[in-house]
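See structure below.
What follows is calculated from the coordinates using simple rules that are stated; it is not laboratory data. Note that the structure is predicted; figures quoted are calculated from it, not measured. So basically every Cβ, Gly included, is an ideal-geometry build from the backbone, and we count neighbours across all protein chains shown.
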Amino acid sequence: MGGEDDESEDERAFCKQKWWKKFIIVSAGAIMNLILGLIFVSVLTCMDDLIGTTQIHSFYENAVSAESGLEVGDEIKKINGTRIFSSRDLSYSLTRDEDGIYEFVVERNGENVTLENVKFERKTDENGNNTIIYDFVIVGVEKTFFNVISTSVKDTVSIARLVWLTLFDLVTGHYGLNDLSGPVGTVNIIAQVTSEAATTGVGFDMIVYIMALISINVGVFNLLPVPALDGGRLFFILIEEVRKKPVPAKYEGYIHAAGLALLLLLMVVITFNDIRNLIIN
């Protein structure tokens with residue numbers, strides 16, 4: 001775009017526009033990714049027989065969570081301080097915990113009740129990975145136009161927030177390098193799911209979910225305030241508005257170049273890890 005990376009005397013050039021116009025232009029690509037993700041999630045929601053809520057319908061036999069405080073009819077609001085927007089938040093919030101003891105905030109009889117020391121049965125596989133036994137059933141409601149739209153928006157927000165939570169977990173050491181997947185690993189996963197869907201006739205919903213996950217991930221990741229990403233450019237636009245003058249293009253270019261080099265290095269490392277995992281597995 002004229003005037004985006006250099007100076008221009010054209011009044012229609014990017015560099016001549018007001019800061020809010022620049023903001024809209026730079027963020028448009030990421031926003032379109034989020035909208036596309038919302039469309040995929042809407043398709044996924046329409047494929048479900050019922051729409052899941054965050055209210056407990058019933059418990060399985062000998063449910064550990066029922067013995068530690070949860071009751072039928074409880075509407076789950078928070079798990080370990082994390083707000084629960086939709087049923088998709090439940091499983092990830094449960095898997096993020098390491099000691100198997102949770103703090104739930106539920107709405108019960110019109111009041112918020114805090115339940116400490118809620119537990120679930122956990123099984124450990126041969127590799128030492130813990131699996132939580134999800135021992136209750138949530139309430140499902142019939143689909144309507146309005147609750148499909150509402151649920152789709154909530155699920156999109158949940159997936160977008162999942163990106164931030166995952167980044168936080170990476171920084172804090174909850175996940176390691178082996179848990180990351182790049183283009184090679186993602187294509188391999190899509191190929192496996194597509195093959196399963198073609199041979200068994202099931203799994204199409206998983207393909208739609210992966211496409212939604214990828215699209216929303218790209219949108220959110222591009223909005224991170226990291227040099228070389230759209231979010232990095234947005235950050236400089238905000239600085240320009242605060243300072244009432246732009247950062248010299250030369251220095252901004254140096255910062256974006258350094259950020260791009262680091263991102264490329266990270267991509268190489270993750271791609272190498274993907275290939276190594278393919279060979280080993």
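The table below gives the values:
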{"quantity": "Using alpha carbons only: equivalent-ellipsoid semi-axes of the range 208-254, gyration tensor based, whole Å", "calculated": "29, 11, 5"}
{"quantity": "Full-extension gain in nm, Ile101 to Ile207, via 0.36 nm per residue minus C-alpha separation", "calculated": "34.9 nm"}
{"quantity": "Label-point gap, in nm, between Ile239 and Ala13 - each point 7 angstrom along Cα→Cβ", "calculated": "2.1 nm"}
{"quantity": "Top of Val157, Val171, Val208 by mean-square fluctuation, Gaussian network on the chain, Cα under 10 Å", "calculated": "Val171"}
{"quantity": "Between helix 19-47 and the chain: long-axis angle, C-alpha atoms, 0 to 90°, nearest 10", "calculated": "30 degrees"}
{"quantity": "Radius 15 Å from Cβ of Glu111, net charge of other residues (Lys, Arg +1; Asp, Glu -1)", "calculated": "-1"}
{"quantity": "With Cα atoms, 0 to 90° folded angle of helix 183-200 axis to the chain main axis", "calculated": "50 degrees"}
{"quantity": "Nearest-ten-degree value, helix 230-243 long axis tilted from longest Cα axis of the chain", "calculated": "60 degrees"}
{"quantity": "Residue of Leu162, Leu262, Leu229 that the Gaussian network model of the chain assigns the largest fluctuation, springs spanning Cα pairs under 10 Å", "calculated": "Leu262"}
{"quantity": "Eligible lysines near Lys18 by straight Cα distance, threshold 27 Å, same-chain separation 8 or greater", "calculated": "Lys244, Lys245, Lys250"}
{"quantity": "Point-charge dipole on Cβ atoms (K/R +1, D/E -1) for the range 52-95, about Cα centre, debye to 20", "calculated": "300 debye"}
{"quantity": "Ellipsoid equivalent to the chain - semi-axes via the Cα gyration tensor, in Å", "calculated": "40, 24, 20"}
{"quantity": "Among Val105, Val242, Val268, residue whose mean-square fluctuation peaks in a GNM of the chain (springs only between Cα atoms under 10 Å)", "calculated": "Val242"}
{"quantity": "Rel. contact order, % - alpha carbon contacts under 8 angstrom, at least six apart, the chain", "calculated": "23 percent"}
{"quantity": "Where GluC sites (Glu not before Pro) in DSSP loops with at most 12 other Cβ within 10 Å are excluded, longest remaining stretch of the chain", "calculated": "143-281"}
{"quantity": "About the Cα centre, charge dipole magnitude for the chain (Lys/Arg +1, Asp/Glu -1 at Cβ), debye", "calculated": "1040 debye"}
{"quantity": "Spherically averaged projected area in nm², based on the convex hull that wraps the Cα atoms of the range 1-79", "calculated": "9.6 nm²"}
{"quantity": "FRET efficiency, Ala258 to Leu224 (Cβ-Cβ, R0 22 Å, nearest 0.05)", "calculated": "0.90"}
